[in-house]
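The structure appears right after this line, and notes come after that.
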Amino acid sequence: MSLYIVRLLTESQFLTGIMLINLLYGYIIMLKITIIIIILVVSLIMCCVSRKRMHINSKIAKKLLRIPYSSEYMKSNKDCAICTTQFEENQQIITLPCDPRHYFHEACIRDWLDIRSSCPICRTNIN
Ligand SMILES: [Zn+2]
Ligand SMILES: [Zn+2]
């Protein structure tokens, strides 16, 4: 009789143990899923924000003045401040509204404006 009780007790303890482990395991899975969802949502928001900013800056780049480089008229800057490469004759360059002497390669200033919206030389905000 007492042996039966002991057996029942250990069995019930065993069952409670399994239930607890299951519960804990369930919590861990829930936690993992929650973390994954949070990471996904955050990355989605970050992606949207950067895309919006890139869109705005590419709009700015479209409005900027494009001219061919001429070493005769543009003696102030012989090389691009972003990539430090010398301009070639008749190469397409972009001048910024802050100063007509602030000009850069088209590709260079586009990449620059994707990151920030200021002039690389005088830091004036380009809008
Ligand atoms: Zn350049
Ligand atoms: Zn400038």
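The values are calculated or read from the model by the stated rules, or taken from the named source; none is laboratory data. Just so it is clear, the structure is predicted and the values come from calculations on it, not from any experiment. Glycine also receives a Cβ, built like all others from the backbone with ideal geometry; neighbour counts cover every protein chain displayed.
Taking residue 76 as the residue in question, decide whether it is among the hydroxyl-bearing types (Ser, Thr, Tyr) and loosely packed, with under 11 Cβ neighbours inside 10 Å.
So residue 76 passes the test.
Looking only at region 81-115, which residues are within 13 Å of ligand 2 (Cβ to nearest atom) and in a loop (DSSP other than H, G, I, E, B)?
81, 82, 97, 98
For region 1-33, name all the residues that are aromatic (Phe, Trp, Tyr) and at pLDDT 80 or above. Lay out the reasoning, then the answer.
Residues of region 1-33 that are aromatic (Phe, Trp, Tyr), as a first pass: 4, 14, 25, 27.
Of everything in region 1-33, those that are aromatic (Phe, Trp, Tyr) and at pLDDT 80 or above turn out to be 14, 25, 27.
Can you tell me which of (1) of a type outside the set (A, V, I, L, M, F, W, C); (2) surrounded by 10 or more Cβ atoms within 10 Å (Cβ to Cβ); (3) at pLDDT 90 or above; (4) within 16 Å of ligand 1 (Cβ to nearest atom) is the one residue 84 doesn't meet?
(2)
List pairs: first in region 97-108 and closer than 12 Å to residue 61 by Cα, second among the basic types (Lys, Arg) and more than 8 Å from ligand 2 (Cβ to nearest atom), Cβ under 9 Å, 6+ apart or cross-chain?
Filtered contacts from region 97-108: 97/63; 106/66.
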